[in-house]
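This report concerns only the one structure given below.
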Ligand SMILES: C[S@@+](CC[C@H](N)C(=O)[O-])C[C@H]1O[C@@H](n2cnc3c(N)ncnc32)[C@H](O)[C@@H]1O
């Protein structure tokens, strides 16, 4: 996030699937106006508390709900859309809707995010809710209409003791921009 934010001047950002808001808080601290959305009530409560603690409540608008539902009602011409950790939480239909919306961001806007991918699979005892793992190539195809600024495929090695021991996830990280002359 620091590298990304250094490259573009502060504007309006959507943080979709914002979780507890590590990115939303970072952006707000750096002069952005952020609209953060997450479906998880607990994560949203934590994000609200962090925003208040840091005096950033005027810079972060926080919504609990589904990202696509939020986008359906949203008409802001944003400069940056964050999708960190969200795509693999969405079913095919929801993911399709999200990508359709991303294709309509204003020319010059940046879309950045990450997703777990299907290459490494998921340990059967991982204890997460339902995830939708897609091949990295599927994501690459979906974002092919954008100018690719960063594309990384890699692995995340972690363990969640005592429930799940050492395991590996495959993942992608991307930053892309809607071209101005499209
Ligand atoms: C892996 S976490 C990533 C959180 C945050 N973006 C980060 O990078 O720290 C994915 C988040 O997406 C949220 N999420 C899942 N499905 C969603 C949906 N349909 N609409 C909005 N948020 C959703 C989850 O509640 C969770 O907080």
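Bear in mind these aren't lab numbers, they're just calculated from the coordinates by the rules spelled out. If you're wondering where the values come from, they're calculated on a predicted model, not measured in any experiment. Here Cβ is always computed from backbone atoms with ideal geometry, including for glycine, and neighbour counts include all displayed protein chains.
Quick notes
- Taking the DSSP bridge list for the chain and keeping only pairs wholly inside it, about 50 percent are antiparallel.
- Compared with the direct C-alpha span, the chain from residue 124 to residue 168 gains 14.6 nm at full extension, assuming 0.36 nm per residue.
- In plain terms, the chain from residue 144 to residue 39 could stretch by 35.0 nm, reckoned as 0.36 nm per residue minus the Cα-Cα distance.
- Neighbour counting of Cβ atoms within 10 Å sorts the residues 128, 63, fewest neighbours leading, into 128, 63.
- With contacts taken as Cα pairs under 8 Å at a separation of at least 6 residues, the chain carries a relative contact order of 19 percent.
- Taking only the alpha carbons of segment 2-177, we obtain Rg and Dmax values of 16.1, 47 Å in that order.
- For segment 122-170 versus segment 88-108, the gap between their alpha-carbon centres in whole angstrom: 18 Å
- Nitroxide proxy distance, nm - points 7 Å out along Cα→Cβ at residue 179 and residue 57: 4.6 nm
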